[in-house]
Each structure stands twice: as structure tokens, then as C-alpha cells.
Amino acid sequence: MTISITKIKLKISNAEVDIECDIHNLDEIISHIPKIIESLSGVSTLNSLDKKFSINDNTVESTSNIPPDIIINKSDSLTDVLIKLFTSNWSDTPKKLNEIREILQLYGLMYPKQTVAVTLLRMAKSGRLRRFKSNTGEYVYTASTSLISSTEKLSNSTL
């Protein structure tokens, strides 16, 4: 008996999802696509489908869930990826550990919470990031001024 495998690729913004399933489960998988689109785009699926994907202030959940336009290489360490994230406009506001992990997951980087937390702490201790407690008592992270100025120097030297 031959099983036919179907592949579906969804690309929303900067995120891509590849789905593989056998032909018998295709209807069930297709029924999950609106949920996948909603989680990738941060847009309420029912509202956006009714309005033909027009986005207004009522349908956008959070701009922090939209991944920045960065290029991640296979050889990049977690520190390298975090530097790219924190030098992009995504980090205009302080980010919590869970927000950082969500963005990493959108890029397909599934790091344990402890690994990300330790890496962020080391980056803060070395001066690459700033770490402080927010009003809610949780630690948040922002780019340090030394990180921002070093990336500005790099971009100016390439001009």
C-alpha cells in the first residue's frame, strides 16, 4: 500500500511553515490553517478573513509578535541571533524573556527557557544588553548603548 504525502508551505510576513501529511489527513490539516495564520501574523483570523486581510487597530494583537527582518545563518549562535534581534527595530521597547523566546520560536529556534535566560544574563553582565526590573517585577531586556553604537559604526563603515 502506497501512502501519498502532501506538502503545504505557508509564508506569512517573515515566517514560513512547512506542513507535511498524508492525503487522508489533509482535510483535518487544512482546518488548522486559520489558527496557524493567526499565530504567525498576530492578526485575529476571523476579522481578517471577513475583511479580506485588511488590518486595522482592532485586529492587531501586538507588534512585538511580528518578527523583525533579520537574516539568521545556520552558524549563528544564540548570542549572535539575540544581537541581531536587539539591534533591529523589534527591540524598541524592553522585552521579557517569554517575548524573546516567542520570537526565537517564530524563526524555528527552539531553545529551552533556561538556556535563553542564562544567555541573556551573560549578555547583560558583559554590557551587550541592559537588564532591569519592569513595573510588574519581571526582568526585561533592551539593547545597551554600546551595542547600538557598535552596530552604527559597522553600518557606517560599510557605506
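Every number here is computed from the coordinates shown, using simple stated rules; none is lab data. What you see is a predicted model, and the numbers here were worked out from it, not measured in a lab. No Cβ is skipped: glycine too gets one built from the backbone with ideal geometry, and neighbour counts run over all protein chains shown.
Cβ under 13 Å from VAL81's Cβ, VAL81 left aside: what net charge do those residues give with Lys, Arg +1 and Asp, Glu -1?
With Lys, Arg at +1 and Asp, Glu at -1, the net is +2.
Sort region 70-157 into rounded, prolate or oblate with this rule: let a ≥ b ≥ c be the square roots of the eigenvalues of the Cα gyration tensor; rounded if a/c is under 1.5, and if a/c is not under 1.5, prolate when a/b is larger than b/c, oblate otherwise.
In terms of gyration-tensor shape, oblate.
Please give the peptides 105-114, 86-95, 69-78 ranked by average Cβ packing (other Cβ atoms within 10 Å per residue), highest first, as a rough proxy for protection.
The most tightly packed comes first, giving 86-95, 105-114, 69-78.
Can you list the HN-Hα couplings for region 111-124, worked out from phi with the Karplus curve (6.51, -1.76, 1.60; θ = phi - 60°), rounded to whole Hz and with x for Gly and Pro?
My calculation for region 111-124 gives 9, x, 4, 5, 4, 5, 4, 5, 5, 4, 4, 5, 5, 5 Hz in order.
Can you give the FRET efficiency to the nearest 0.05 for THR136 and GLN114, using r as the Cβ-Cβ distance and R₀ = 22 Å?
Computed FRET efficiency for THR136 and GLN114: 0.60.
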